[in-house]
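Working notes, structure below.
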Amino acid sequence: MIMKDKKIWDVIVVGAGASGLMAAIHAARAGVRVLILEHMDRPAKKLCMTGNGKCNFTNNEQGVSHYHCADPAFVMSVLNHYSKDDTIQFFRELGVRPVMVKGGYYPASGQAITMREVLLQELHRLNVKILYEIGIRSIKKEQDSFVFYTKSDTYRAKKCIFATGGKSYKKTGSDGSGFLYLDEFSHHVRNLVPALAGLQSNLAFFKKVAGIRAGVCVKSYTDNVLVREERGELQLTDYGLSGICIFQLSGQLSRALIAHKKAEVAVDFAPEFADAKELRHQLHTLLHSKFMKQKTVLQALSGYFHEKLIAALLAEAGIDPALPVTKLEDEALKGLCVRIKDFRVPITGINSFDQAQVTAGGVDIAEIDPATMESKLVSGLYFAGEMIDVDGDCGGYNLQFAWSTGAIAGKSAAQKERSGCYESDK
């Protein structure tokens, strides 16, 4: 039947990011009437920035080890209900040819905007309306409907899907404002902290080596317990550590810091050597070569490491870089090799949300049904994407979680509402 009040909908999705658009499409495909409310002037701004504008939209290697939350079974259930294969097939049907590069899937166009455009085209085909620059004042549940009070109007829906994102990249609309509405529904939000971000340290060492990149192995520790190990290119900055290998460690260390735990990263600047002993043997042979006798220690080692980096490491080991090779004692070389292989960095902070790719923390997953994404506290309320307390590694994992939770939430919300479907608002 046709409702006289055009402001009554079956499903209202709050947020036009990746998970929100996905939720709206899957709900509308099920035949229900869907509205998206977005507080920015354009949809999916953050999506268009992902993968340096190329959009790594999922990854061939899936598993709970790539996602971080209180209960790995929650993530496993989500991925079982909507997998990376489902995601790839979904975008193929919308005209995106996926190209795999080092395990990550990208659109063949090489443009993240491609992903946004095909999503918007599908929403247009399904007659889904998006209202932009909507200032939502409050959201309440009144009897069997959700009521959305905005700065200019009021809207009602039988089902509500929250897909407002986290707090990272505020300029894209992911500013944490969605969490303000949850007080009305008694949901608990676990600590919101930056993830996939640079790590800060107060060591003076970093002022000397800022700008250097090095292939390393890094290990994270909380309260002296090994948490994770990664390999990759490290970017040394004036504030501390950056690079994808560091981003992969950051979420867990961020949680440790907010819990007042000791956070530390061990950097191995020579991962090709098994241990400090093997490195020491190699350098001892080098330094005692006849070709090195006239050189300083810095000159002799600059062919193994970036000159600024080895100079700083020599200083950390208490060795004068200008010391002649012939005067370097074995014990001093041993101490240097230990620092090269296991350089300990105390972590004092993490870069802000504006410099973080994602948000760790969010709506407590114990309060969400992973099979439907429906709230266990409020019937008809669903969640999708980054506002849930799950964060993934770099490499398309956070987007996969967005696609999966959005699709599940959209299908589930529509399934309960089909019997009361309205005609589309033309």
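The values are calculated or read from the model by the stated rules, or taken from the named source; none is laboratory data. What you see is a predicted model; the values in this text were computed from it and never measured. We place every Cβ from the backbone using ideal geometry, glycine too, and count neighbours over all the protein chains shown. Protein only, heavy atoms only, side chains kept; ligands, DNA and RNA dropped before computing areas. Shrake-Rupley method; radii C 1.70, N 1.55, O 1.52, S 1.80 Å.
For this structure, a couple of remarks:
- Here the label points at Gln294 and Asn191, each 7 Å from Cα along the C-beta direction, are separated by 5.9 nm in the simple model.
- Anisotropy class of region 270-336 from Cα gyration tensor, a/c 1.5 cut: rounded
- Net charge over other residues, Cβ less than 14 angstrom from the Cβ of Lys327 (K, R count +1; D, E count -1): -2
- For the chain, the longest principal axis of the Cα atoms and the long axis of helix 397-417 meet at an angle of about 20 degrees.
- Carbon + sulfur, % of accessible area of the chain - ligands and nucleic acids excluded, 1.4 Å: 48 percent
- Virtual spin-label span in nm between Arg156 and Asp223, 7 Å along Cα→Cβ: 5.2 nm
- Rolling a 1.4 Å probe over the heavy atoms of the protein chains gives the chain an accessible area of 44 Å² per residue.
- Net charge dipole, region 190-306: roughly 260 debye, given to the nearest 20, about the Cα centre with Cβ charges of +1 for Lys and Arg and -1 for Asp and Glu.
- Full-extension gain in nm, Ile113 to Asp41, via 0.36 nm per residue minus C-alpha separation: 24.3 nm
- Within region 155-230: Cβ-based charge dipole about Cα centre, in debye rounded to nearest 20 (Lys, Arg +1; Asp, Glu -1): 300 debye
- Segment Asp183-Asn52, extension gain: residue separation times 0.36 nm, minus the distance between their alpha carbons: 43.6 nm
- Distance between the pseudo-spin-label points of Lys261 and Gln355 (7 Å out from Cα toward the beta carbon): 2.3 nm.
- For Met100, the accessible area of its heavy atoms, probed at 1.4 Å with every protein chain present, is near 100 square angstrom.
- Cβ-Cβ FRET estimate between Asp275 and Glu329, R0 fixed at 25 Å, reported to 0.05: 0.75
- In sequence order, calculated HN-Hα J values of region 343-360 (Karplus, 6.51, -1.76, 1.60; Hz; x Gly/Pro): 8, 8, 10, x, 9, 9, x, 10, 4, 5, 4, 5, 10, 9, 6, 9, 10, 8
- Rounded to the nearest 20 debye, dipole of the chain from Cβ charges on Lys, Arg, Asp, Glu: 760 debye
- Between the listed residues Met373, Thr296, Ser152, the Cα displaced farthest toward the positive end of the dipole of the chain, a dipole computed from Cβ unit charges relative to the Cα centre, is found at Ser152.
- Among the listed values [x] 1.10; [y] 1.06; [z] 1.00, the one computed from these coordinates for Rg/Rh (Cα atoms, Kirkwood Rh) is [x].
- The mean sequence distance of close C-alpha pairs (under 8 Å, at least 6 residues apart), as a share of the length of the chain, puts its relative contact order at 26 percent.
- Alpha-carbon centroid distance for the pair region 354-388 / region 72-98, whole angstrom: 18 Å
- Over the chain, dividing the summed -39,500 (n - 2.57) contributions of all DSSP H runs of at least 4 residues by the number of residues returns a 222 nm mean residue ellipticity of -9000 deg cm²/dmol.
- Shown is the FRET efficiency for Ala73 and Lys376, computed with R0 = 25 Å from the Cβ-Cβ distance and rounded to the nearest 0.05: 0.95.
- Our estimate of slack between Leu203 and Arg344, defined as 0.36 nm per intervening residue step minus the Cα-Cα distance, is 49.8 nm.
- Local electrostatic count, Glu316, Cβ distance below 11 Å [Lys/Arg +1, Asp/Glu -1]: +3
- FRET E, pair Gln143, Asp85, Förster distance 45 Å, beta-carbon r, rounded to 0.05: 0.65
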